[in-house]
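Engineer: Here it is: the structure, laid out below.
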Amino acid sequence: MCATILPEKHMHYPVLLNEIISIISPQYGGTYIDCTFGQGGYSSRILEFAGTKVIAIDRDEDSFKKSLDIKSKFEERFFFKNLKFSQLNNLKLKNENIKAIIFDLGYSYVQIKDKKKGLSFDSKGDLNMKMGLNDFSASDVINKLDEIELEKIFKFFGEERESKKIAREIVIKRKIKKINTEDLVKIIERTKKIKNFKIHSSTKVFQALRIFVNKEISELIYGLINATKTLKKDGIIAVVSFHSLEDKIIKYFFKSLSEAKSISRYVPKTKTKKNLLNLISKKPILPSSIEVKQNPPSRSAKLRYAVKKCEFYDFETDIFSKFKYLIDIENYSKKL
Ligand SMILES: C[S@@+](CC[C@H](N)C(=O)[O-])C[C@H]1O[C@@H](n2cnc3c(N)ncnc32)[C@H](O)[C@@H]1O
């Protein structure tokens, strides 16, 4: 489900905005990186405070148009680049002291309403789901990957309990004709036996495909690593996520870099590697009941943040081995 909908007004609604602002304190000025510019909700709020500067990025070329409105108001203090946040380290920052790097994961209301992107199951025609700067589409995935690969994508990226049956049906049906969005929705509806009246029967498969097409697992892992490397001491990294897979990765990354670890199990515990991050709270910040009432899809949002404690720009993390089972699935795309 889209993270940022204000249903009555059909406009974009930035989730947990007040909570983000109170963590990054733009009232004292400073330079910020908004890794998921979207419709500019976070960026424009930060720029309302004098003495701030925002470097915004987004993988969707369409968000460039929106960035022009903000640029016209804050010419000297706002910069936009069409870039994936995994490549955050390619920003030419000229030794800039970044106060905070923020991520608001997923996709915006404007993107889900854009039928060409095919993110929603009421889209028509060829399967797409590309958010921008992609190598392949959902149509390639559904029509080219083998049955076991499809099953694993649906199971691990969508937590779809009937992934095996759905994958089998897709492989049978695509022998007759290339599968498009309407075909996929019909296949899922006809195949699924377990009914969940709270969500559309295609929700989980569509989520899985979106994660796979946009390589959201490695995007998030490299985004977190490069953000942590970019920050100096006291810099803040704040991430809003919308599903359990993302939250699991963020939680692990923050926790593993904020625990005092022994260099080796043979070295006495007193000789510990200095902690890289200070995790302010182990628990995520959730939207208030007022926000959920105004914007129901915000109910699944979780905000986690950490503060960099020292000037290490290079560090080790075992996050790739921890989530190898997900990266291995993402790597099926090498065949496409
Ligand atoms: C939920 S929206 C952000 C909304 C924004 N906070 C606002 O207030 O308008 C997420 C945005 O992140 C972008 N995005 C998702 N994954 C990305 C990635 N790996 N790199 C760069 N942008 C990404 C999407 O294109 C989308 O525009």
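Engineer: Conditions: (1) within 12 Å of the ligand (Cβ to nearest atom); (2) under 24 Å from Ile23 (Cα atoms). Arg59 meets all but one. Number of the miss?
Structural biologist: Exception for Arg59: condition (2).
Engineer: Regarding segment 174-188, can at least one residue be identified that is more than 16 Å from the ligand (Cβ to nearest atom), of a type in the set (S, T, N, Q) and touching a residue at least 12 places away in the same chain (Cβ under 8 Å)?
Structural biologist: Checking segment 174-188: at least one residue is more than 16 Å from the ligand (Cβ to nearest atom), of a type in the set (S, T, N, Q) and touching a residue at least 12 places away in the same chain (Cβ under 8 Å).
Engineer: Those residues that are in a helix (DSSP H, G or I) and more than 15 Å from the chain's Cα centre (by Cα), I need them from segment 104-127; list them, please.
Structural biologist: Within segment 104-127, Val110, Lys113, Lys115, Lys116, Lys117 qualify.
Engineer: Now, a different point. Taking Ser63, is it within 19 Å of Leu220 (Cβ to Cβ), out of contact with any helix residue (DSSP H, G or I) (no Cβ under 8 Å at 6 or more places or on another chain) and surrounded by 16 or more Cβ atoms within 10 Å (Cβ to Cβ)?
Structural biologist: Yes: the conditions hold for Ser63.
Engineer: Just for segment 86-111: of the residues that are charged (D, E, K, R) and surrounded by fewer than 19 Cβ atoms within 10 Å (Cβ to Cβ), which one is farthest from His243 (Cα to Cα)?
Structural biologist: Among residues in segment 86-111 that are charged (D, E, K, R) and surrounded by fewer than 19 Cβ atoms within 10 Å (Cβ to Cβ), the one farthest from His243 (Cα to Cα) is Lys94.
Engineer: Follow-up question, since we're still on this one. Could you identify the single residue in Phe79, Phe64 that is assigned to a helix (DSSP H, G or I) and free of Cβ contacts under 8 Å to residues at least 40 places away in the same chain?
Structural biologist: After applying the criteria, what remains is Phe64.
Engineer: Can you pull out every residue in segment 151-178 that is under 15 Å from Val141 (Cα atoms), in contact with a Lys or Arg (Cβ under 6 Å, 6 or more places away or on another chain) and not hydroxyl-bearing (Ser, Thr, Tyr)?
Structural biologist: Glu151, Gly158
Engineer: Then there is this: Here are Ile101, Ile70: which of them is more than 8 Å from the ligand (Cβ to nearest atom) and either over 26 Å from Tyr313 (Cα atoms) or in a loop (DSSP other than H, G, I, E, B) (or both)?
Structural biologist: Exactly one of Ile101, Ile70 is more than 8 Å from the ligand (Cβ to nearest atom) and either over 26 Å from Tyr313 (Cα atoms) or in a loop (DSSP other than H, G, I, E, B) (or both), namely Ile70.
Engineer: Then there is this: If only one of Glu291, Glu316 is farther than 30 Å from Ser139 by Cβ and modelled with pLDDT under 90, which one is it?
Structural biologist: Within the list Glu291, Glu316, the selection yields Glu316.
The values are calculated or read from the model by the stated rules, or taken from the named source; none is laboratory data. It should be emphasised that the depicted structure is a prediction, and the values quoted were computed from it without experimental measurement. Here Cβ is always computed from backbone atoms with ideal geometry, including for glycine, and neighbour counts include all displayed protein chains.
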